[in-house]
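The values are calculated or read from the model by the stated rules, or taken from the named source; none is laboratory data. Just so it is clear, the model here is predicted, and its values are computed rather than measured. For neighbour counting, all protein chains shown are included, and Cβ atoms are generated from backbone atoms with ideal geometry for every residue, glycine included.
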Amino acid sequence: METDLFTPDFKCEPFWWEDAPRPEKQLSDLPAEVDVVVVGAGYTGLHTAIETARAGLGTLVLDADALGYGCSSRNGGQVSTSIKGSYAELSARWGHTQAIRILKDGNNSLEFLDTFIRDEKLECDWARLGRFSGAHNSAAFEASARALQGLPKEVAVDWHMVSRAEQRTEIGSDFYHGGVVYPDHGALHPGKYHDALQQKTTAAGALMCGHTAVTRIERDGSAFVVHTERGSVRAAKVAVATNGYTSQTTPWQRRRVIPIGSYIIATEPLSDAVAHELSPQTRVMSDSRKLVFYYRLSPDKRRMLFGGRVALKETDDTVSAPALHKAMCKIFPQLATTRISHSWHGFVAYTFDTLPHIGEHDGIHYAMGYCGSGVSLASYCGAKMGRNISGQGDAETSFADQRFQTRPFYTGDPWFLAPSVLYYKWRDQLNV
Ligand SMILES: Cc1cc2nc3c(=O)[nH]c(=O)nc-3n(C[C@H](O)[C@H](O)[C@H](O)COP(=O)(O)OP(=O)(O)OC[C@H]3O[C@@H](n4cnc5c(N)ncnc54)[C@H](O)[C@@H]3O)c2cc1C
C-alpha cells in the first residue's frame, strides 16, 4: 500500500457510512407467518415493502447482512434516466414501440424518485443540479449530439452540448472533447436515502430484519416456506430483491444476472477554490467511455468521489484505490498530491440484454438487473413489484415484457468478465 496516497484515517468503507452508519436492526424472533417476505433490504426491497405494507399486507424484509449493506449504501448517488443504449440502438433491437416504452420507463424512474423524495419529505441531500457527460473523443461528441437529436418527442429530455472550448465552465479539466449537459439529472446521499426509506418502511407497518440470510425458498401449496439462518417463515408471496448479491438461494435469477464490482474512492477535503475549479456547477459527472468513470463532489462540496472499473478481476479496495487515483489524475491533474480517505466497492447486476427485469418465476416475484444505474431504477422497479404483489394499479413496466435471458452453461459466475473488461479497455485506449 502506497502510504503517502492514503490519509492516516483511511478506511476501506463507504464514505457515506460516516453520516449514515449501517443499522444493526434485528428481530428477536421472526414471525411464523406473513403475507409477503421480501428478500434483500436495498432500495428495491424497501420500495416493494412500502407498497405492500401500505396496501395492508403483513410484510417482512430480510437481509443477509446489515440493512442496506449492498449497493444501496455504496453507490455514487448519481441519479439519471438510467437506460443503457440510445433510441436508435433500442429500436433496432426491440422495435420502435418497445424502445419508446423502455425509454419512458427510464424517464419515469427519475420523476418517480424526485416526486417520492419531495412528497415524503426524505432528508437525503437530493439536488437536481444536472450532469456533465464528457466525450472521450470527437467522434463520441458527434455521436452524442446525433443520438440526442434523434430522440422521438415522446421521450425527449432536456440536454445541451458544451464544446471543448467552453467545457471549463462545466469541469476543471481539458481531458474531454466537449460533452453533454443533462440539466434534470441529480445527486443524493445514498446512505441517508436508505435511512429515510427504512423510516418509511417501518411507518408503513413492515418488519425489517438484518443479518438473516434466506437459505431456501420452498413451495407449500399456493404459499411458500422461507427458510433462513434463524428459522422459517410461511408467506403467501415472496419478492426477491437481491440484484448483484443474488445467490444460489434463487438459482433461476442467479443464472440471469452478471455480478460486477464497481469501485469508488473519496478524497480528503479539498479547498473551496479547488473544489469549485473541479466542478464549477456542482453537477454529477461521467463520460462516454465503455469503461465509464463517474464522479462528483460530496454533498458538502468538500471532497471528490471518483468511481469506475479499474481492474480486470475483482480486487481489494487498497489495490483499486491507487488505480482510481491514477484515472482521476488523468482527468484532474490538480489532484496529484490529494490523498484518499475512503475506498470501497459493491456488486452491481448486469443482464444479457442490459435492461432491468421485473417478473414472476415459479410464483416468486423479482426485480433486478439495473446494470450499474439503479438509484432511480431500483426505487421505481421495487415500487412496481410491490404494487403488482398487492394487486394495485399502475404496476406495469416495459421491463416485465422482456424475456429474462441467460446463456448456456452460465450459472452466475462471470468467467467472461476479465476478457470483456480487457476488450473495452483496449477500445477506450484506442479511442474508438
Ligand atoms: C460502487 C457503486 C457505485 C454505484 N453508483 C451508482 C450511481 O451513482 N447511480 C446509480 O443509479 N446507481 C449506482 N450504483 C448501482 C445502485 O447502487 C444499485 O443498482 C442499487 O442500489 C440496487 O439496489 P437493490 O436494492 O436492487 O440491491 P442492493 O442494494 O445491492 O441490495 C441487495 C441486498 O440483497 C441482500 N441479499 C442477497 N442475498 C440474500 C439472501 N439470500 N437473503 C437475504 N438477503 C440477501 C444483500 O445483502 C443486499 O443487501 C452503484 C453501485 C455501486 C456498487
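The condition (being in contact (Cβ under 8 Å) with a residue 24 or more places away in the chain, within 18 Å of the chain's Cα centre (by Cα) and buried (at least 16 other Cβ atoms within 10 Å of the Cβ)) is satisfied by just one residue among M304, M285: M285. Taking the listed residues D65, D114, D105, the one that is in a loop (DSSP other than H, G, I, E, B) and modelled with pLDDT of 95 or more is D65, with no other qualifying. Scanning region 71-99 for residues being in a helix (DSSP H, G or I) and crowded, with 19+ Cβ neighbours inside 10 Å gives a total of 8.
Can you name every residue in region 234-273 that is assigned to a helix (DSSP H, G or I), surrounded by 17 or more Cβ atoms within 10 Å (Cβ to Cβ) and out of contact with any Cys (no Cβ under 7 Å at 6 or more places or on another chain)?
If the condition is that a residue be assigned to a helix (DSSP H, G or I), surrounded by 17 or more Cβ atoms within 10 Å (Cβ to Cβ) and out of contact with any Cys (no Cβ under 7 Å at 6 or more places or on another chain), then Y245, Q253, R254 are the ones that fit.
Scanning region 112-164 for residues that are β-branched (V, I, T) and within 23 Å of the chain's Cα centre (by Cα) yields T115, I117, V155, V157.
The one condition from (1) farther than 22 Å from G412 by Cβ; (2) of a type in the set (G, A, S); (3) in contact with a strand residue (DSSP E or B) (Cβ under 8 Å, 6 or more places away or on another chain) that A213 does not meet is (1). Region 295-383 holds strands (runs of 3 or more DSSP E) entirely within its bounds, and those carrying 2 or more residues that are out of contact with any Ser or Thr (no Cβ under 8 Å at 6 or more places or on another chain) map to 340-350, 357-361.
Scoring V310 on the criteria (1) within 16 Å of the ligand (Cβ to nearest atom); (2) at pLDDT below 95; (3) surrounded by fewer than 21 Cβ atoms within 10 Å (Cβ to Cβ) leaves a single failure, condition (3). Taken over region 44-78, residues that are touching a His at 6+ places or on another chain (Cβ under 8 Å) and near the ligand (Cβ under 6 Å from one of its atoms) amount to 7.
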